[in-house]
Amino acid sequence: MPSRNDLRPNEEAVDGPPPGDAQLRFIGVIRTPFTSRELCPRQGDAINGPECRVVLEPLWHKALKGLERYDFIELFYWLHESRRDLVLQSPKANGETTGTFALRSPVRPNPIGLSRVRLLGVEAGALRVRGLDCLNGTPLLDVKPDRCAYTPQVPPKPTAMG
């Protein structure tokens, strides 16, 4: 985690209480080609971005049933390498600051990431997706279709067998 010495001009950090009022269970891991924050795109590209894999723990493999009907899904993940103490940030490093909650920065009190990604396939407890903007090895929190059951559904995608 970056130290207080890593602040940009006019940024401000706080000493908050230690986390501990919620328990989250990581259900898998995200595999991307991005090995550092500098290599991550600012926003994922669901059309031209690299193909990535979301690998679920075996306990959750059955929970993927039916997901293949969707073209887009939402992934929620824990930004495990993000600092958690900034209240003011200077995202463009130009000295102008903005409150953390007015930004989509990964630097947050609870660094939960969300990406709407194109689902390319479901196979053996893993998802092939396009449109991620997180580090390789990012812990997965949840997977959801991009619309609810009350939204009209598209027909299932054809499979290789029929």
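For region 71-79, check the following and say yes or no: at least one residue is within 16 Å of residue 108 (Cβ to Cβ), touching an Asp or Glu at 6+ places or on another chain (Cβ under 9 Å) and in contact (Cβ under 8 Å) with a residue 24 or more places away in the chain. There is at least one residue in region 71-79 that is within 16 Å of residue 108 (Cβ to Cβ), touching an Asp or Glu at 6+ places or on another chain (Cβ under 9 Å) and in contact (Cβ under 8 Å) with a residue 24 or more places away in the chain.
Cβ-Cβ contacts under 7 Å between residues 6 or more apart (or on different chains), taken from a first residue in region 26-49 that is in contact (Cβ under 8 Å) with a residue 60 or more places away in the chain and more than 16 Å from residue 128 (Cα to Cα) to a second residue that is surrounded by 14 or more Cβ atoms within 10 Å (Cβ to Cβ) and among the polar types (S, T, N, Q), are listed as 35/136. For first residues located in region 1-23 and at pLDDT below 75, partners that are not in a loop (DSSP other than H, G, I, E, B) and lie 6+ apart or on another chain with Cβ distances below 7 Å form the pairs 4/13. Under the condition of being over 19 Å from residue 20 (Cα atoms) and among the β-branched types (Val, Ile, Thr), the residues counted in region 80-113 number 4.
The values are calculated or read from the model by the stated rules, or taken from the named source; none is laboratory data. Fair warning: this is a prediction, and the values are worked out from it, not measured in the lab. Neighbour counts are summed over all protein chains in view; Cβ atoms, including those assigned to glycine, are modelled from backbone coordinates with ideal geometry.
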